[in-house]
1. Taking the alpha-carbon distance from Lys232 and a cut-off under 20 Å, which aspartates and glutamates remain once sequence neighbours fewer than 8 residues away in the same chain are dropped?
2. On a C-alpha basis, how far is the centre of the stretch 52-107 from the centre of the stretch 263-277 in Å? Whole number, if you could?
3. Does the stretch 137-277 classify as rounded, prolate or oblate by the C-alpha gyration tensor (a ≥ b ≥ c root eigenvalues; a/c under 1.5 gives rounded; else a/b over b/c gives prolate, otherwise oblate)?
4. For the chain, what is the accessible area per residue in Å², given a 1.4 Å probe and the full set of protein chains?
5. Using mean Cβ contacts within 10 Å as the protection proxy, how do 177-186, 219-228 order, highest first?
6. For every helix of n ≥ 4 consecutive DSSP H residues, a contribution of -39,500 (n - 2.57) applies; sum these over the chain, divide by its total residues, and give [θ] at 222 nm rounded to the nearest 500 deg cm²/dmol.
7. With each label point set 7 Å from Cα along the Cα-Cβ vector, what nm distance links Leu194 and Val259?
8. Suppose we take every Cα in the stretch 45-184 and form the convex hull; what volume per residue is that in Å³?
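The values are calculated or read from the model by the stated rules, or taken from the named source; none is laboratory data. In this text the structure is predicted, and so the values were computed from the model without any measurement. When we count neighbours, we look across all protein chains shown, and the Cβ atoms used for this are built from the backbone with ideal geometry, even at glycine. All accessible areas refer to the heavy atoms of the entire protein, side chains included, with ligands and DNA or RNA removed. Shrake-Rupley method; radii C 1.70, N 1.55, O 1.52, S 1.80 Å.
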Amino acid sequence: MKTKLFSYSVGNTVIHKMSGGTKFLCFVMTSLAAMLTYDIRVLLFIAVFSYSLLPVAKITWKQIRGLMYYFFAFLWLNVVLTYLFSPEAGVEMFGTRTLLLTITSRYTITAEQLLYQFAKAMKYIAVIPMGMIFIFTTESSEFAASLSTAGISYKISYAVSLTLRYFPDVQRDYQTISFAQQARGLEMSKKAKLIDRFKYAAQIIFPLIISSLTMIEKITNAMDLRGFGKKKKRTWYSRRPMNAADYGAIAVTGTIAAVTILMMIFAPYGRFWNPMI
């Protein structure tokens, strides 16, 4: 069985013991700081901070390997398309032009463009670990309970819980259907041609949609039979109270976000730190 891309991993680390709402808030504040700035120094600091938390949460490369492959494929495509459609975006943003290489009259390589694309890539690289920590260390029901405690409607909280719980189910159904197709003679392993693997994988989509709709209908009927939504409030068995680690994590990530915003406001270069000046 392949490692699931989105699956809660049982653990007893300090991060596992934190409230799901705390981890989500830390993820949001870290993402906010990374998305707002193009200061490569800040982005590098956030990246180092985020990746240093993976060993603390005892998240191994085997767990995140599949997700990282998709992530870096997307990142590489994003870098290429950004250059193809906006080869001078960095020059416009940073306000200077340091020519390094001329390819054609339209496509040139400048230090500003390299800095811009590196900073843009670092935005994703810096926040992806926090997202993985949230996914792999937060049980869906506990996260929904935290959201409800924070004042969000329990209906919305429960919808979020079902969404997080649904990812592993979809992956399980995909693998089951894939094994059934291979038992009928469809070669989907690495031995098959790449185009054949894509074609056979596409044939899994329709039965996967059918099985998903069936699952949704069963869950909906079960919720209706239990009177879900009748009351304005509900209790949560999985609610985890906040502790010192929660407040410390919020303080650290809140400080990172606050310092980033203050640097944008008061620093002479604003969002764009340009080492070429």
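1. In chain and number order, the partners are Glu142, Asp224.
2. Comparing the Cα centres of the stretch 52-107 and the stretch 263-277, I get a distance of 21 Å.
3. Values: a/c = 3.10, a/b = 1.30, b/c = 2.38.
Oblate, because a/c is 1.5 or more while a/b does not exceed b/c.
4. So the chain comes to 59 Å² accessible per residue, rounded to a whole number.
5. The most tightly packed comes first, giving 177-186, 219-228.
6. Details: 9 runs with 187 residues, N = 277.
Helices in the chain give a 222 nm mean residue ellipticity of -23500 deg cm²/dmol.
7. Computed distance between label sites Leu194 and Val259 equals 4.3 nm.
8. That works out to 202 Å³ per residue.
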